[in-house]
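Step one of this worksheet: look at the structure below.
The values are calculated or read from the model by the stated rules, or taken from the named source; none is laboratory data. No experiment lies behind these values; they were computed from the predicted model shown. Cβ sites come from the backbone with ideal geometry, for glycine too, and all protein chains shown count toward neighbours. To get the accessible areas, we keep the full protein, side chains included, count just its heavy atoms, and leave off ligands, DNA and RNA. Shrake-Rupley method; radii C 1.70, N 1.55, O 1.52, S 1.80 Å.
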Amino acid sequence: MTIPDFQTIMLPLLLATSDGEEHSTNELVEKLAKHFSLTDRERNELIPSGQPKFYNRVGWARTYLSKSGLLELSTKSNYRITEVGKKVLLENPTKINMKYLEKFPSYLEFKKKKSIKRIPGLEIPAPPIDSRTPEETMADAYQAIREKLALELLALVKNSTPSFFERLVVELLVNMGYGGSWDEAARAVGQTSDEGIDGIIDEDRLGLDSIYIQAKKWNSNVSRPEIQKFVGALIGKHAHKGIFITTSGFTSEAKNYVSTIDNRIVLIDGDRLAEYMIDHDVGVKDLNNYRLKRVDSDYFSNG
């Protein structure tokens, strides 16, 4: 089955603690993974922060049950069912979700506090109303913002002058760790007029190997003949590595051709170019930084 959302996990989680004993989060995750018959792949699926998705969802189900008074934190970061939780199970509910939890005053108080504006300009979000946890909601929002930024960047690059585009390529490659210093890379790129080659840059700061570059600020896709011409230029230089960058894309024939030759050619289309610019801080600047943190259970294990 697919990984259940955190609200679906709530009732099985409470049932898993019905013995009244203390349970660690890892123990509960293991029990619930077996309950939902999750595969190893589903257990190990990650959210963007790097935490396992199922572990994250169990954590949020546990949090809302705790804030509602159905679970309580005992010793060494373990959890156990409360008297309120036991009474809930005696009612034999068919499901427990956030709507169900609204019958508990402690949950309503928690929900109310979550909506208070504590920092000017920063609204703390209320609990999610769909199947996603707060981390998943944040990841979705981040991805949407990133995609919009990439579209804006690519549009600006396409409207730039050829010389600006060349400088952009140099700065990007330097930020990615190629070519040594910016000045060294700038001298290397653009110093050749060979057919099919726009520049050369060192693969590392020691200059042990060179990478040949072709950059095309095009709107139409780059076809196989253009790649073949670039490869021919590399062969003429006894070179084995090249980067072909374009603001457009590559035809399927061009991609297939690259996969069949001995030369190592990396194709960077417009979408990938924009992604690299974002990742390596070219043409963008920080607006806000948010650091997600979680409790370090090991820190409290000997408390």
Search the range 136-177 for residues being among the acidic types (Asp, Glu) and surrounded by 17 or more Cβ atoms within 10 Å (Cβ to Cβ), and hand back the single one that is nearest to TRP218 (Cα to Cα).
GLU166
Every residue from the range 47-67 that is at pLDDT 90 or above and more than 27 Å from LYS86 (Cα to Cα)
PRO52, LYS53
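Just give me the residues in the range 40-72 being polar (S, T, N, Q) and closer than 13 Å to PRO4 by Cβ, in sequence order.
ASN56
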Any residue in the range 71-88 that is loosely packed, with under 12 Cβ neighbours inside 10 Å and either without any contact (Cβ under 8 Å) to a residue 24 or more places away in the chain or under 30 Å from ALA144 (Cβ atoms) (or both)?
yes
Being under 16 Å from ARG294 (Cα atoms), open to solvent by less than 70 Å² (accessible area, probe 1.4 Å) and assigned to a loop (DSSP other than H, G, I, E, B) is the filter here; which residues of the range 19-68 pass it?
SER24, ILE47, GLY50, GLN51
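Have a look at SER193, SER220 and point out the one that is part of a loop (DSSP other than H, G, I, E, B), at pLDDT 90 or above and more than 29 Å from the chain's Cα centre (by Cα).
The conditions single out SER220.
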Please specify each residue of the range 246-303 satisfying the condition of being open to solvent by less than 80 Å² (accessible area, probe 1.4 Å), among the hydrophobic types (A, V, I, L, M, F, W, C) and either farther than 28 Å from LEU168 by Cβ or touching a Gly at 6+ places or on another chain (Cβ under 7 Å) (or both).
ILE265, MET277
Among residues belonging to the range 73-111 that are out of contact with any Phe, Trp or Tyr (no Cβ under 6 Å at 6 or more places or on another chain) and modelled with pLDDT under 75, point out the one that is nearest to ASP298 (Cα to Cα).
LYS76
Pairs please, first residue from the range 236-248 and closer than 11 Å to ASN221 by Cα, second anywhere and open to solvent by less than 60 Å² (accessible area, probe 1.4 Å) and among the acidic types (Asp, Glu), Cβ atoms under 8 Å, 6+ apart in sequence or on different chains.
THR246/ASP269; SER248/ASP269
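Matching residues to (1) under 26 Å from LYS158 (Cα atoms); (2) at pLDDT below 80:
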site	(1), (2)
LEU172	yes, no
GLY180	no, yes
HIS238	no, no
ASN263	no, no
ARG272	yes, no
